[in-house]
Each structure stands twice: as C-alpha cells, then as structure tokens.
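K.L.:
Dropping a structure here in structure tokens format, bear with me for questions.
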C-alpha cells in the first residue's frame, strides 16, 4: 500500500486547483448559500416527542484561569484533541421541547438573542422554534434548570414582553432563593452582579406567577426534577420517562463534553461551587453510563443528545445517530 503523506495530499490539492482553473466553465458558478438550515431535531422517548432547538454557539476565549484544578497546558491539549482552535472553547446552546401529548413542555428558553455582544453566533433559537412549527402560544409549561442568562433570557423579548403568554413557569426553589436575595446580590463580587440583575429583569414583575419547585417534584407527566447543585446552588436536571424509556436532561452538568465529560473532576470558573459541581457531575455521569440512558446536554454539540460511556480516566460522549424518521 502506498504511503500517503501530508505533503502529497497538499500537492494533490494544489494540482487539482490548477487543473480546474484551466478548464472553461460550462455554466455560471452557483453562489454560496452562507447560511445553515434550520437547527431543530426530533426524536422520541416512548410516546413523547422531543425537539432539540439550537440557539447557536459561543466560541469563548479562555485562559489559564478557566479551570482551577488543571494545568492550562492539559486543558489546551484536551481542546486540541477535540479539534478546537487554541484558547477558543466552543459552547453551543440547545434547549429541549417535550411534547407529552396533553402538554407541550419547554426545558430552558435559550438566550433570547440577548447574548450576541459576547456570543455573536448565538440567537438563532426563535427562528428555529418557528421552523420546528412550535408557536410560542402553544407552550404550556416552562421548566428552568438554573438562572444563568443563556437559560432564562428567552422567557422575555428584548423589550420585556413575555415570549410564551400561556406558559406556566416553574423554577427551582433553591435557585430563586439564591439569585433573588438582595443581600446576596449586594455582597457578590462585581463580575457576578450582572447575573443577579438579569434574574430580576426576567422575574421581578412576574414573581407571583412563577412556581418554585423542590427536588423530586413531578412537574409534568413523566418529568421529574433532580437536584444537581454546584454549577449554581439550585441547578436542576430533569429525568424524562415514557413507556419504559428514559433520559436525563443534564442542563449545565458538564458544559463542553470534550473537557468535562472526559475530565469530570475539572472545576470550571463558571461553577459557583467547583468541588460540588464535580461531585454532582461524576454521580450523574455514572448513573447515565450504568443505566445506558440517553442524555441531553445543553452545551453538547447539536442535536445535543447521546449516551455516556466509561473511559480510561473519566467518561466519554457517544453522540446519537441522526434518524430520518421518529
């Protein structure tokens, strides 16, 4: 078998381009589209139809302070192994709609197009919701995993109007207690204050209409809240079950899987309690791997679903295969 080197591949590419340039075109060149197709994907858990809704990606610049308990060289190597550019961590956003039949349930609401100054490739969610044929007025229940802006901003439009006028909003009680506490906000370091102010922007004028749930609550038929603290104090994941099938909607348990599934002990700068976040992550990944459950990760590559397997050091994500039919 002949040896194929990088040099021979590059040479072949240059030769091919030169030959193409000498040929007279038989017709006008087709213009590049420049855009992606609509970012939604459907699958089933038992009788329930799930729709993954893409909200773009944040290619976040990171440095040595991003992970507290790992050398930056090791972090950079993990990113290189996942074919990410140096110092740029890909953080996609994908929320989940669950149609149980009687109820249409939305788990997290995306960025609302309100993170674009820092994440210019985000904000595709509302267009993808429309492309999926889901009218905002048809949403019955909104479940919030935690109060970070990329999960709650879609509750309201940029001008403060409710996006889902008929939806009952359910949030973790521990999350409400933390982010809506004025004394805690006043004592928070300045970089954390915008998240407190944003929570008030979203919830203050609708507080009496927002239900607060405890871990273990069944919030819709077959959808149960599971405490997953660490990333934030009230961070919650959701177990979804129907007709003997089940999955875990992991929220921000892992963030980017090539870093935090493969290295579950790593503690990220955006986790409020790093050691607790790591302990929660390991417990949930162990459960998903042992039970062979499908998982959804809010920051997994779209369509953000797959299975967790045990790896040499930690775990790994096996992305779900695209299915043409449900």
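Please treat every number below as a calculation from the coordinates, not as lab data. Computed from a prediction, not measured in an experiment: that's the story for all the values here. When we count neighbours, we look across all protein chains shown, and the Cβ atoms used for this are built from the backbone with ideal geometry, even at glycine.
K.L.:
Could you work out how far helix 72-81 tilts from the main Cα principal axis of the chain, as a 0 to 90 degree angle to the nearest 10?
P.N.:
That helix lies at roughly 60 degrees to the long axis.
K.L.:
Any idea what log10 I(q)/I(0) is at q = 0.24, 0.27 Å⁻¹ for the stretch 173-222, Debye with uniform C-alpha scatterers and no solvent?
P.N.:
-0.92, -1.04
K.L.:
Based on the Cβ-Cβ distance of residue 190 and residue 265, what FRET efficiency does E = 1/(1 + (r/R0)^6) give at R0 = 30 Å, to the nearest 0.05? It would help to have the intermediate numbers written out before the result.
P.N.:
Details: r = 29 Å, r/R0 = 0.97.
Taking R0 as 30 Å, the efficiency between residue 190 and residue 265 is 0.55.
K.L.:
So, one more: Quick one: if the Förster radius is 45 Å, what FRET efficiency do residue 217 and residue 38 give, using the C-beta to C-beta distance and rounding to 0.05?
P.N.:
Details: r = 33 Å, r/R0 = 0.74.
The pair residue 217/residue 38 has a calculated efficiency of 0.85.
K.L.:
So if each residue of separation counts as 0.36 nm, and I subtract the Cα-Cα distance between residue 76 and residue 130, what length gain in nm does that give?
P.N.:
Values: separation 54, 0.36 × 54 = 19.44 nm, distance 3.78 nm.
Taking residue 76 through residue 130 to full extension adds about 15.7 nm, to one decimal.
K.L.:
Still on this structure, please answer the following. Apply 1/(1 + (r/R0)^6) to the Cβ-Cβ distance of residue 61 and residue 239, taking R0 = 41 Å, and write down the FRET efficiency to the nearest 0.05. Don't skip to the answer; put the middle values down first.
P.N.:
On the way: r = 35 Å, r/R0 = 0.85.
So the FRET efficiency works out to roughly 0.75.
K.L.:
Spin-label point model (7 Å from Cα, Cβ direction): what's the residue 208 to residue 157 distance in nm?
P.N.:
That separation, rounded to one decimal, is 2.4 nm.
K.L.:
Helix 6-22 sits at what angle to the longest principal axis of the chain, using alpha carbons and giving 0 to 90 degrees rounded to 10?
P.N.:
70 degrees
K.L.:
What ranking of 204, 138, 95, 242 emerges when the number of other C-beta atoms within 10 Å of each C-beta is taken as an exposure proxy, fewest first?
P.N.:
Numbers: 204 9, 138 13, 95 28, 242 20.
Neighbour counts put them in this order, fewest first: 204, 138, 242, 95.
K.L.:
Report the gain in length on full extension from residue 118 to residue 197: 0.36 nm times residue separation, minus Cα-Cα distance, nm rounded to one decimal.
P.N.:
26.7 nm
K.L.:
Rank the residues 125, 266, 258 as a footprinting-exposure proxy: fewest other Cβ atoms within 10 Å of their Cβ go first.
P.N.:
On the way: 125 27, 266 24, 258 21.
Fewest-to-most ranking of 125, 266, 258: 258, 266, 125.
K.L.:
How do 247, 84, 321 line up, fewest other C-beta atoms within 10 Å first? Spell out each step's value before the answer.
P.N.:
On the way: 247 24, 84 18, 321 7.
Fewest to most other Cβ atoms nearby, the residues stand as 321, 84, 247.
K.L.:
For the chain, take every pair of Cα atoms, bin their distances at 10 Å starting from 0, and report each bin as a whole percent.
P.N.:
5, 24, 33, 22, 9, 6, 2, 0
K.L.:
Also: When DSSP assigns beta bridges and you keep just the ones with both residues in the chain, what percent turn out antiparallel, to the nearest 5? Walk me through the intermediate numbers first.
P.N.:
On the way: 44 of 57 bridges.
So the antiparallel bridges amount to about 75 percent of the total.
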